[in-house]
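My questions all concern the structure below.
The values are calculated or read from the model by the stated rules, or taken from the named source; none is laboratory data. Everything numeric here is computed off the predicted structure, so don't read it as measured data. Because the Cβ atoms are built from the backbone with ideal geometry, glycine has one as well, and the counts that use them run over all protein chains shown.
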Amino acid sequence: MILFSNKNEILDYIFEVEFSKRIRLLNELKKKKISLKEKIAIFLDRHFEDLQQNLAKAIVIVQESRAPIKHRPEAIEIFMEKIPLILKEMIDKAIEQEEIRKVNSRLVADTIFYSIREMAFNVANGSQYDFLQIKKELLNLFWIGLKR
């Protein structure tokens, strides 16, 4: 049994578990010989499916990641930095393979990450949208902006 002495330890643990799942998935996708669009679609499917199964966890993850930087636990900071970096690497590879047009890969990776986070926050807090709608529209938005 794991015992926590304060809120930050609990949040660190939750983020470490959730971060590990998403990093593992992105690293697996990075190795696959499928298009960037397919990789993003699979990531969105799994990410939103996981959040849908536990809206309370979704609220905690997204809400705490929106806290001011000086008040965030370390695991959240790692999560906020590492996911966009892996997305950037995937975008760089897609550019190199001429699958997508040349873009500022870090800016696009951050845009993808923060768009997903904010839309997940909206759904978790009772938005008129659901994860399926968001996945479809975000994927279309990202792809239309990236395609050659």
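Per-residue answers, yes or no, for (1) surrounded by 14 or more Cβ atoms within 10 Å (Cβ to Cβ); (2) closer than 20 Å to ARG148 by Cα; (3) in contact with a strand residue (DSSP E or B) (Cβ under 9 Å, 6 or more places away or on another chain):
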| residue | (1), (2), (3) |
| --- | --- |
| ASP92 | yes, yes, no |
| GLU96 | no, yes, no |
| ILE100 | yes, yes, yes |
| PHE113 | yes, no, no |
| ALA124 | yes, no, no |
| ILE134 | yes, no, no |
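A follow-up question, please. What tally of residues in region 99-148 results from selecting those that are in a loop (DSSP other than H, G, I, E, B), among the β-branched types (Val, Ile, Thr) and within 16 Å of LEU55 (Cβ to Cβ)?
0
To continue, here is another question. For region 64-85, which residues satisfy the criterion of being at pLDDT 70 or above and of a type in the set (Lys, Arg)?
ARG66, LYS82
Need pairs with beta-carbon distance below 6 Å; first residue under 15 Å from VAL62 (Cβ atoms) and touching a residue at least 12 places away in the same chain (Cβ under 8 Å) and within region 125-137, second of a type in the set (Val, Ile, Thr) and surrounded by 12 or more Cβ atoms within 10 Å (Cβ to Cβ); sequence gap 6+ or separate chains.
Close Cβ pairs satisfying both conditions: PHE131/VAL123.
Right, another one. Out of the residues in region 20-33 meeting the condition of being surrounded by 11 or more Cβ atoms within 10 Å (Cβ to Cβ) and in contact with a helix residue (DSSP H, G or I) (Cβ under 8 Å, 6 or more places away or on another chain), tell me which one is farthest from ILE100 (Cα to Cα).
LYS21
Among what's in region 104-123 and is closer than 18 Å to PHE43 by Cβ and among the aliphatic types (A, V, I, L, M), pick the residue that is nearest to the chain's Cα centre (by Cα).
Looking at residues that are closer than 18 Å to PHE43 by Cβ and among the aliphatic types (A, V, I, L, M), I get ILE116.
Now a separate question. Take region 31-57 and flag every residue that is without any contact (Cβ under 8 Å) to a residue 12 or more places away in the chain, in a helix (DSSP H, G or I) and over 17 Å from PHE19 (Cα atoms).
LYS31, GLU38
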